[in-house]
Protein chains: 2
Amino acid sequence: MNADQNLCVALARRPEQTVSASDFMLVSHPMPQPGPGQLLVRSHVLSLDPYMASAIQGRHMSGAIAVGDVMPGELVGTVALSRHPDFAPGDLVVTRGGWRSWCVVDGQAPASANGLDAILAPVALKISPVANVPASAYLGVLGMPGLTAYALMLRCLRPGPGDTCLVFAATGAVGSAAGQIARHMGAHTVAYVGSREKARHAREVLGFDAAVVRTEPDALAQLAHACPAGIDALVTNDCGAELGGIFGQLARGARVALTGAMSQYNSAQPLPGPSLGQIIARRASVSGFVVFDHYDLMQRWRHLAASWMADGKLRFHEDRSAGLAQAPAAFTRLMRGETMGKALVVLDQPA
Amino acid sequence: MNADQNLCVALARRPEQTVSASDFMLVSHPMPQPGPGQLLVRSHVLSLDPYMASAIQGRHMSGAIAVGDVMPGELVGTVALSRHPDFAPGDLVVTRGGWRSWCVVDGQAPASANGLDAILAPVALKISPVANVPASAYLGVLGMPGLTAYALMLRCLRPGPGDTCLVFAATGAVGSAAGQIARHMGAHTVAYVGSREKARHAREVLGFDAAVVRTEPDALAQLAHACPAGIDALVTNDCGAELGGIFGQLARGARVALTGAMSQYNSAQPLPGPSLGQIIARRASVSGFVVFDHYDLMQRWRHLAASWMADGKLRFHEDRSAGLAQAPAAFTRLMRGETMGKALVVLDQPA
């Protein structure tokens, strides 16, 4: 790679169904230059998140990604050049820099930014290393996915002793934290996952009380066995028709948090949803959950998570791909459910 | 009709799609005789309710109706013979006697009955006439449908000043009361109905602020016009795919009460539901509502409703068919959305 060029990944076309690596293209941009108040950041680790697929379909509140756009997203990097008084070269930061080798971001948000704008602004935040935890955790358990898990358990589901909590995508970045938090709140936790390997990881590493492989023909029977008194709290990152079978196993008064629409992300058209008859019969409540509403909890969560990790009470797993050029393939694996843990791309530059 | 025979309507076959009159049959049973503690009641008015279609499909919590069974349901009648000390001939009662000219019911529930069993038990309850209100109102605005409207507004949706409340089936027995209660709670109320005649009735008689005809091609545009700041509270008796378009017009943090699954009732198979992506984006909550959980409010509601009616603040409409033999046709009209107000069958006997 030419040292004065900036390798990036852009959207090449809008996929009709599940995204594939050929929907992206590598592009080389001129090296960006920071203006006053800005920083040049060298990317070390990129975050891959399912919401990006929704943005590619033009249906995400973070904004639509147009064909030709460089993919947005969070990264951990170091400051290479600073034109902001609070940052110096070498500072470790997390920022929304996109799928780029180098990015220019602001040292602070404009005073006018608030709410979602403030969260989505390309602003660098200095991060403090946590003992024995890689900085990439700020993209996962110590970042947006971990906050999602914490806020939805604390503010939406509140499972407690005697409750059974079922977690979809339980080995993913959100689900793995959600299950462990629910367990620390006293609930019986059940993982709902896509393979036997993930089921084993959920039980043996993440501490779920039980795990059900949703692709097996007797998945609903397995679920009934794992949740004999029904499901009191459900976290789902999907709201496709398959959910209807799960709703049939809700306990009376169950709470359901919708955190995403995974099968929708894999389709250009909105798909029908689950039959809702059982929501009536079970007197259940289904609530939409958006992490952007809960950033006030971020510092509290980071402190709690760091203390839990120090005590061995919070585990996490990363799925690392090497090199920016691998980002499209890694993202495709994420959207096919083939990754385990937080999906990351480690750039082929010296850290 | 032979005086010692009891004309009844039974289910002749389980419909594949929307119920039709030919799915029922008139049957003649021997005149029933009350045992100790029981009453012989002469039916005056039968209640037709959408949940019955769900019971015909075998999917209602009140129990399944088998082919050959006499249709269950509430009625208002008078005691003809009493073998219970608290009742005398001529007493006006409401009871779950079914689609029968005469029925035998208990004077009181067995001590062991509670919860749903107590509500569904065939027990006679004496009713007190309300000035200028027909006794049939105990099947509608003063009965289960009115209680449904009250409890869902009071305990589930709680619309208030500044809120916009959209009511499905707004000229029906539940919806017409729900809209008026929401208006008395200070909300802006919008009716969602199946015809222009119903829209006019909703606005001019029931006092809705606006009405949208859902069968018109520009219904969603009409809805956006009627709810410029979005829908804060939604009552729906349906949860079919059509609901997805409505969800797109929810305000942030909207509350949705599901009171029924009308399109499901008209199908032997469970149907897919609405796309739930907008529930996430709007941070909405969708809750199942079952009136059986709220019978503790019945007396309070009847007092309130009677006082509102005396003040001209609560209107209701009845759709009366004449003669037990017309019950199947009337029920079919109800399930096709062709009735307005509470659907009743007035029996061709002297009252």
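A few notes on this one:
- 1.4 Å probe, heavy atoms, protein only - residues of segment A:246-287 losing at least 50 Å² accessible area vs chain alone: A:275, A:276, A:280, A:283, A:286
- Using a cut-off of 23 Å between Cα atoms, the listed pairs B:198/B:313; A:126/A:198; A:198/A:313; B:198/B:342 include A:126/A:198 as exceeding that distance.
- Solvent-accessible area of residue A:285, all protein chains in place: 40 Å² (probe radius 1.4 Å, heavy atoms, ligands and nucleic acids excluded).
- Excluding ligands, DNA and RNA, the accessible surface per residue across segment B:245-351 is 40 Å² with a 1.4 Å probe.
- Take the Kirkwood radius over Cα pairs of segment B:42-146, plug it into Stokes-Einstein at 20 °C and 1.002 mPa s, and you get 148 µm²/s for translational diffusion.
- Separation of alpha-carbon centers, segment B:67-85 and segment A:233-293, rounded to whole Å: 42
- According to the calculation over all Cα-Cα pairs in segment B:6-92, the P(r) per 5 Å bin from zero is 3, 13, 19, 21, 17, 14, 9, 4, 1, 0 %.
- Whole-number D in µm²/s for chain A (Stokes-Einstein; Kirkwood sum over Cα pairs; 25 °C, 0.890 mPa s): 118
- Hull volume per residue, based on the alpha-carbon atoms of segment A:78-140 and their convex hull, is 107 Å³.
- Only protein heavy atoms count here, probed at 1.4 Å, and on that basis chains B and A bury about 2000 Å² of accessible area in total.
- Accessible area of segment B:1-98 belonging to carbon and sulfur atoms, whole % at 1.4 Å probe: 53
- Calculated [θ] (222 nm, deg cm²/dmol) that DSSP helices of n ≥ 4 give over chain A, each run adding -39,500 (n - 2.57): -6500 deg cm²/dmol
- The distance separating the Cα centre of segment A:166-224 from that of segment A:300-318 comes to 19 Å.
- Per-bin percent of Cα-Cα distances, segment B:145-293 [5 Å]: 2, 11, 21, 25, 23, 14, 4, 1, 0
- Remark on residue A:24: its backbone amide H falls under 5 Å from those of A:12, a criterion applied only to residues 5 or more positions apart or on other chains, H modelled at 1.01 Å from N.
- Placing a label point 7 Å from Cα along the Cα-to-Cβ axis, residue A:125 is separated from the same position in the other copies by 5.5 nm, shortest listed first.
- Remark: label point of residue A:83 defined 7 Å out from Cα along the Cα-Cβ vector; separations to the same position in other copies 9.8 nm, ascending.
- Per-residue HN-Hα couplings for segment B:153-169 [Karplus 6.51, -1.76, 1.60; θ = phi - 60°; Hz; x = Gly/Pro]: 6, 6, 10, 10, 9, 6, x, x, x, x, 7, 9, 10, 9, 10, 6, 6
- Based on the convex hull around the alpha carbon atoms, the protein assembly as shown presents an average projected area of 33.5 nm².
The values are calculated or read from the model by the stated rules, or taken from the named source; none is laboratory data. This structure is a prediction, so every number in the text was calculated from the model and none was measured. Don't worry about glycine lacking a Cβ; one is built from the backbone with ideal geometry, like all the others, and counts go over all protein chains shown. The protein model used for the area step is the full one, side chains on, heavy atoms only, and it has no ligands, DNA or RNA in it. Shrake-Rupley method; radii C 1.70, N 1.55, O 1.52, S 1.80 Å.
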